[in-house]
Every structure is written in C-alpha cells, then in structure tokens.
1. Would you mention how many residues in region 333-352 are surrounded by fewer than 24 Cβ atoms within 10 Å (Cβ to Cβ), out of contact with any Leu (no Cβ under 8 Å at 6 or more places or on another chain) and at pLDDT below 90?
2. Could you pull out the residue among Leu217, Leu232 that is buried (at least 16 other Cβ atoms within 10 Å of the Cβ) and hydrophobic (A, V, I, L, M, F, W, C)?
3. Suppose we filter region 335-365 for residues that are aromatic (Phe, Trp, Tyr), closer than 20 Å to Asn84 by Cα and out of contact with any Ser or Thr (no Cβ under 7 Å at 6 or more places or on another chain); how many remain?
4. Is at least one residue of region 395-406 more than 27 Å from the chain's Cα centre (by Cα) and not in a loop (DSSP other than H, G, I, E, B)?
5. Are there any pairs, at least 6 apart or on different chains, whose C-beta atoms fall under 6 Å, with the first in region 264-279 and among the polar types (S, T, N, Q) and modelled with pLDDT under 75 and the second surrounded by fewer than 18 Cβ atoms within 10 Å (Cβ to Cβ) and not in a helix (DSSP H, G or I), and if so, which?
6. Output yes when any residue across region 142-150 is of a type in the set (S, T, N, Q), more than 22 Å from Arg223 (Cα to Cα), surrounded by fewer than 21 Cβ atoms within 10 Å (Cβ to Cβ) and touching a helix residue (DSSP H, G or I) at 6+ places or on another chain (Cβ under 6 Å), and no when none is.
7. When only residues in region 476-489 that are surrounded by fewer than 16 Cβ atoms within 10 Å (Cβ to Cβ) and not hydroxyl-bearing (Ser, Thr, Tyr) count, which is nearest to Pro315 (Cα to Cα)?
8. For Asp297, all conditions in the list (1) buried (at least 21 other Cβ atoms within 10 Å of the Cβ); (2) at pLDDT 80 or above hold save one; what is the number of the exception?
Amino acid sequence: MTNIEQNPEEDVGLHKLKHSGSVLARTAHGTSWLIGWRLANRALGFISTLFLARLLSPSDFGIVALAMGFMQSLNQLSELGTENAIIRDEKHDRAIYDTGFTINLIRGSLVALLIFILAAPAAEFFHSPHFEQVVWLAALISFLNGFENIGIVDFRRFMAFNYEFKLKIIPRIISAVTAILLAFILRNFWALIIAILVNQIITLAMSYVLHPYRPRLTLQAWRRMASYSTMLWFSNLIGLAGGFGTKSIIGKISGIASVGIYEVGIDFASLTTSELAGAFSRALFPGFAELRKAGKDASEMIPRVIGIMALVTFPAGVGISLISYPIVQLALGSKWLNAVPIIEILAITRSLTILGVISTTYFSVHGWMKTIVSINAIGGIIQIILLVFLIPNYGLYGIALSVASAETIIQFCFYSIVSYSLHISISKTLSMVWRSVIGCLIMSIILYMMNLGWTHESSHIASNLSAAYKLGITIAIGSAIYIGVISILWFFSPNKYNSPEVDLLNQVKKIMVRN
C-alpha cells in the first residue's frame, strides 16, 4: 500500500479513477453517469411518492418539506465551495484536503447549532407542535453531513463519476425503501424524516468505504481557499436574495397565488434542461481544471461542448414549451393552467442556460468569481425593475417576460466574456449549433400548423384521455421531425465528421460498450 499521509493522489486504488482519452471525451462520459443518477433519483422519487401519498397526509409532507427547506437554505447560504476549491487548486496535498474536511465539519456543525436554536421559534411561527422535533433531526442530518470523507472529491477530480453514482444511488434506494416501510408502520411524518436521516448515515459510511483517504483536522491551507470561497458565498447570497426578491415582488403586486403559479411554472419549464445542465456543469469543472493545470485553454473544447449540449437541451426546452398545456392538465389539473404562459416562455429561454453553465464553470475554475457576482447582481436588478413595470400591465405574461429577458441577458453576457477571453468567434459557435436551431424551428412550425403545439384547448372540452393521447402523438411527431431535420442537414454538411452529432454518437457507443 502506498503512503497516503502526504498526498491523497498517491492513495491506493486512485490510479483506477484515471481514465484515458481526451478531456472532452471523459467529460461527456462523466456527464452520462450524472444524467443517469439524476434520472434514477427522479424515478425513485416518483415511485416512492406514489406509495407515500396514499399512506401519509399532505400535512406530513408539509412538515418535513418545511424543515428540510429550512436546513437547505442555511446550507446554501453557508456554502463555501470546498470541493471545487480543492479540484482547482494547483497543489493536491494533504493540507488542502484536510482543510476542506475541517471547513465542512465546522460549517455543518454551526448550521446544525443554528437550526437547533431556531427550532422552537420556527415551530411557534408555523403553529406546529411536531415541527420542533422534526427540525432537531434536520440539525442532526446537517451535523453528520460535515463528517463525510473529503477524499470522495477525487471522484469528480478524476471524472470517475461511476463511483459517485454508487455513492448516491445505494443510499437513495435504501432510503426510499425505508420511507415506504415506515409509512406502512408509523403512518405519519416520522417515516419521511427518518428515511432522510438513513440516507445521510449510509452516505457518510459509504464515503469511507469507497475511498481510503482518512482526513484530519487542520486549517493549514485556509488561505488557499479563502478568496474563492468568499466570492462563492457572495454569489450564493445574491442568488438567494434575487430569488426571494422576485417572489416578494410577485406576491406584493400580483398576490400570493401568483407566487405559487410562478413556482410551479418555473419548475416545469426547467424540467429537463436543469437536469441536463446540472450534470454537464458538475462534469465540466474537473475537465476545465485539468486543462488549466496543463497550461491549455478551452477555446476548442467549449464550442464543441455547446454543440453537444445544444443537440439535447434545445429540443428539450422548445419541446416542453410546445406541450406545456397537456403536461399541466395531466400532471396538475385545470386549476394550474395559468402556469402555462410561464412555462411556454421560460422553457425556451431555459434551454439557453448551457451558455451560462459553461461560462460560469469556466469562470469558477479560473477564479473569476467577481465576474460571476457582478453579472448576476446586474441581472437580478434588471429582473426586479422589469417585474415592477410589466406585472401591472401584463400579469403572468409580464412575470414570464421579465424573468426570461433578465436570464437571456445574463446568459449572453457570460458567454460573450468567455468568447472574448478565449478568442472564440461567433461563427465557430454558430457552426456547432445551427443545425439544432433549425431543427427546433422546423419542428415548432410543423407542430403549430398541425395544432399540436402551443394550443390552449378548453379544459372542459379536453379530457385527460384526449390530452394524454395528444401529448404522446406530439412527442412522437416532434422527435421524428427534429431528428430527421438535423440528420439531413448533417448528411449534407461539408464538415460532418467533425461535428457535435458525431461527438454525441461516439460517446453513446462508448457508454454502451463499457456498460
């Protein structure tokens, strides 16, 4: 066994994490594992909810949701990005790993203490006698989270996301089974919160089983993390303030009901693109960090990544927009149809998040956190100003247009800076995405002309059965049109063998061979 006391990178077994191939290829392969985890997590959540919703009451879900939301808000507010700081650091010694572990432990303990102190006042505020006890368990979950093995950061650093998949999926499965079994026995909210606690305990144990690194307490390398972590905290603070400010303005001008409609609408608008963009972001960070340490830029990689992502996120976002009406009717019912305009507009603009995801990931790797904070702050101000002026005159459409306009400005600002810094021409970027854009455009026109897209049928006329039938037909026809158009355009392209389509197909083939 090699010595792990000095350098975690020399830890036994870590050579197995290092894969051959280009950074782009390894990033794409890692992304497939992350998307797999997100889809599996969604499926497990859906299946468990089908059982739990019949065994527990809405108030049981509400108590746990409030408690966990309370904990997650404090965690996000105190997020210091230790994992990213370690990945982007030039020197991967024990000091940086152990400092990251110590910071996480301190952070988790302080958040747990704060949650514990605020438990009683929060229970009184919500007029729930059981809320205090649930919050105590939420505090314990936060405390245990701080003890997770910092060595598992190597799963991201070496883009070995198959290990991360195991780390997440096994506790998630056990947690889901626990929740269902306890719901049958207890028939109350304790089934949910205990299952979440079980998930954390198993995750903690597995972090030490899957990685042999054993951390120690020290803050020796805190200066190497300080600048990055401080600016990341400011960025998180601005994000929380912007989200709260937007909801506050909507509630003040348009009413509390509009806040609920906005929340549901934005969740549905981000249904597919958030999962895809989130997976790419997590996989891109170590890839960009590797290029940075090798003294290389990402001028060739970024346009190709955008091309690959556009092939999936563009049709996903436009597709959600086209079929927003039947989705809402089937999933939520007629009383939520007011969310349709928000979904129609924001689903399209959310497909552009790939520009911001790639850019902010690149900025984070290179420590350009002030740029992220500045652009997000300016975007937040623009969004609030637009909300104030547009909501009184346009209602829900005003909300959607305000958020969409601000988000679009932010995305293009981020990518403009990256393009300028790396000398990426507009033509280079367009050459990677133009087939996706045309495919989405033709798909939209044909579906609209067939009365299958962007239709608002009366809920009294359209039954759930007809809505489901129409939804299935629209998805099938839309997918066939999109794939057919980009296939034809690719076939006649003079540079077709050096294209995002080929990159995507190659990665799919490699994944199928490996699995």
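1. Total meeting the criteria: 6.
2. Values: Leu217 fails: buried (at least 16 other Cβ atoms within 10 Å of the Cβ).
Only one candidate qualifies: Leu232.
3. Quick first cut of region 335-365, residues aromatic (Phe, Trp, Tyr) only: 336, 362-363.
From what is left, the residues that are closer than 20 Å to Asn84 by Cα are 362-363.
Of the ones still in play, those that are also out of contact with any Ser or Thr (no Cβ under 7 Å at 6 or more places or on another chain) are 362.
Qualifying residue count, region 335-365: 1.
4. Step one: filter region 395-406 for residues more than 27 Å from the chain's Cα centre (by Cα), giving 395.
Checking which are not in a loop (DSSP other than H, G, I, E, B) leaves us with 395.
Yes, there is a match, as at least one residue in region 395-406 is more than 27 Å from the chain's Cα centre (by Cα) and not in a loop (DSSP other than H, G, I, E, B).
5. Close Cβ pairs satisfying both conditions: none exist.
6. Step one: filter region 142-150 for residues of a type in the set (S, T, N, Q), giving 142, 145, 149.
Checking the rest, the ones that are also more than 22 Å from Arg223 (Cα to Cα) come to 142, 145.
Narrowing further to those that are surrounded by fewer than 21 Cβ atoms within 10 Å (Cβ to Cβ): 145.
Narrowing further to those that are touching a helix residue (DSSP H, G or I) at 6+ places or on another chain (Cβ under 6 Å): 145.
Yes, because at least one residue in region 142-150 is of a type in the set (S, T, N, Q), more than 22 Å from Arg223 (Cα to Cα), surrounded by fewer than 21 Cβ atoms within 10 Å (Cβ to Cβ) and touching a helix residue (DSSP H, G or I) at 6+ places or on another chain (Cβ under 6 Å).
7. In the first step, residues of region 476-489 are kept if they are surrounded by fewer than 16 Cβ atoms within 10 Å (Cβ to Cβ); the result is 476, 479-480, 483-484, 487-488.
Next, from what is left, pick out any that are not hydroxyl-bearing (Ser, Thr, Tyr): 476, 480, 483-484, 488.
On the way: Ala476: 13, Ala480: 11, Ile483: 10, Gly484: 13, Ile488: 16 Å.
Checking each candidate, the answer is Ile483.
8. That leaves (1) as the condition not met.
The values are calculated or read from the model by the stated rules, or taken from the named source; none is laboratory data. In this text the structure is predicted, and so the values were computed from the model without any measurement. Positions of Cβ are backbone-derived with ideal geometry, glycine not excepted, and every protein chain shown enters the neighbour counts.
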